[in-house]
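A.B. asks: This is the structure I want to talk about, given as structure tokens.
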Ligand SMILES: Cc1cc2nc3c(=O)[nH]c(=O)nc-3n(C[C@H](O)[C@H](O)[C@H](O)COP(=O)(O)OP(=O)(O)OC[C@H]3O[C@@H](n4cnc5c(N)ncnc54)[C@H](O)[C@@H]3O)c2cc1C
């Protein structure tokens, strides 16, 4: 039960204070408290940290209750601490793998953590009416509502309500000129799927998806990924070179992408093959997984080109990263039937949900 900030019940015992707040409750519930052994009740003061200002990133950072202690109900406290640990861990892995320097990684963690940590605290201060009598008297009210931005963890174990529904994003993979008819690594049906994806994005923007993002191959020097004698599995003709015409979105999708319906673009493969969109980064260096988690996205739909290459790699990586992944096969284009069938089997085994029918025009 909630107490005033000084933790005092005045002249009341804990039992009496509890009973005083149970007027009109079922008599059996009142009897439960009346007949309880008094020593099983205890006083508990709970402090809530006021969200503070950011500091310059350095060799020390904070997570969990050390920086944003909230009142403990609704999974607010432990979940936010776990989210910090997950995010910080991912940022540090990026630094260890040389994708960001250490301070940039810490900065990326702190930037996001301050945002959702502050939101967690603010939510915990918004007391619902059932506690209004106490909330009016304490500095920091209870958090009876689950913290909306906690995200994925809720999917597995916390009550689902409006605030904690799993947020889904759409990932549009590599709808670029070079992967469509007329490009250097054309996939038959690519242009047609580009149009279908654009229409679907326009229909869905702002309603079906919390966010819509796109990925782009963005090669500078991807090593053996480019070959004069490509095997079309690991090596390919030169394609999607950064800054080239072929690397731009296909015209059927470009206007939609530029219209504001796409929230962020993630570039991948500057110096590697990088088939998975989860290897990509936004222009500010934020990786796709970190970006999605920062927005409490727990589930993703994947569409794009090609089903048997970058769509597959993106979906598999998304599942590995803990997202609930669906591939909307109607909005993909595959290079060949056998490799697409194989990709679909791999996706299925990885727990990826598949909807629609694969589109393969290799005949
Ligand atoms: C009674 C109670 C009920 C709660 N119920 C819920 C709930 O239902 N749901 C929920 O989500 N959250 C709940 N919380 C909040 C949740 O427990 C915390 O938000 C969460 O544990 C914070 O995790 P943390 O890792 O940041 O800190 P902690 O779990 O506090 O871990 C910090 C650790 O650091 C150690 N430590 C401290 N100082 C030092 C030092 N100088 N040297 C070495 N070690 C040190 C501590 O001993 C501790 O083990 C509750 C909290 C309380 C007190």
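A.B. asks: Here are some residues: 12, 29, 43. Which one is more than 36 Å from the chain's Cα centre (by Cα), at pLDDT 75 or above and assigned to a loop (DSSP other than H, G, I, E, B)?
C.D. replies: Only one candidate qualifies: 12.
A.B. asks: Among the residues of the stretch 322-335, write down those that are surrounded by 20 or more Cβ atoms within 10 Å (Cβ to Cβ) and under 19 Å from the mean Cα position of the chain (by Cα).
C.D. replies: Hits for the stretch 322-335 are 323, 325, 326, 327.
A.B. asks: A follow-up question, please. Across the stretch 276-295, what is the number of residues that are buried (at least 23 other Cβ atoms within 10 Å of the Cβ) and part of a loop (DSSP other than H, G, I, E, B)?
C.D. replies: 2
A.B. asks: Further question: State all residues of the stretch 316-351 that are closer than 19 Å to residue 200 by Cβ and part of a loop (DSSP other than H, G, I, E, B); if no residue qualifies, say none.
C.D. replies: Answer for the stretch 316-351, where residues must be closer than 19 Å to residue 200 by Cβ and part of a loop (DSSP other than H, G, I, E, B): there is none.
A.B. asks: Would you confirm whether any residue within the stretch 225-236 is surrounded by 15 or more Cβ atoms within 10 Å (Cβ to Cβ), in contact (Cβ under 8 Å) with a residue 40 or more places away in the chain and within 29 Å of the chain's Cα centre (by Cα)?
C.D. replies: Checked against the condition, which is being surrounded by 15 or more Cβ atoms within 10 Å (Cβ to Cβ), in contact (Cβ under 8 Å) with a residue 40 or more places away in the chain and within 29 Å of the chain's Cα centre (by Cα), the stretch 225-236 yields no hits at all.
For (1) outside any loop (DSSP other than H, G, I, E, B); (2) farther than 19 Å from residue 277 by Cβ, each residue gets a yes or a no:
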{"residue": "221", "(1), (2)": "no, yes"}
{"residue": "224", "(1), (2)": "yes, yes"}
{"residue": "229", "(1), (2)": "no, yes"}
{"residue": "234", "(1), (2)": "no, no"}
{"residue": "243", "(1), (2)": "no, yes"}
{"residue": "246", "(1), (2)": "yes, no"}
{"residue": "255", "(1), (2)": "yes, yes"}
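A.B. asks: Could you tell me whether any residue of the stretch 83-91 is buried (at least 21 other Cβ atoms within 10 Å of the Cβ), at pLDDT 85 or above, within 9 Å of the ligand (Cβ to nearest atom) and on the phi < 0 side of the Ramachandran plot?
C.D. replies: yes
A.B. asks: Collect the residues in the stretch 352-363 that are in a strand (DSSP E or B) and more than 24 Å from the chain's Cα centre (by Cα), keeping them in residue-number order.
C.D. replies: Within the stretch 352-363, just 360 meets the criteria.
A.B. asks: Could you list, in sequence order, the residues of the stretch 96-113 that are surrounded by fewer than 18 Cβ atoms within 10 Å (Cβ to Cβ) and either in contact with a helix residue (DSSP H, G or I) (Cβ under 7 Å, 6 or more places away or on another chain) or touching a residue at least 24 places away in the same chain (Cβ under 8 Å) (or both)?
C.D. replies: Within the stretch 96-113, 99, 101, 102, 103, 104, 111 meet the criteria.
A.B. asks: Being within 10 Å of the ligand (Cβ to nearest atom) and modelled with pLDDT of 80 or more, is that true of even one residue in the stretch 109-122?
C.D. replies: Yes - at least one qualifying residue is present in the stretch 109-122.
A.B. asks: Within the stretch 51-82, track down each residue that is away from the ligand (no atom under 16 Å from the Cβ) and closer than 17 Å to residue 115 by Cα.
C.D. replies: 53, 54, 55, 56, 57
The values are calculated or read from the model by the stated rules, or taken from the named source; none is laboratory data. None of the values given here were measured: they were computed from a predicted structure. As a convention, Cβ positions derive from the backbone with ideal geometry for all residues, glycine included, and neighbour counts pool all protein chains shown.
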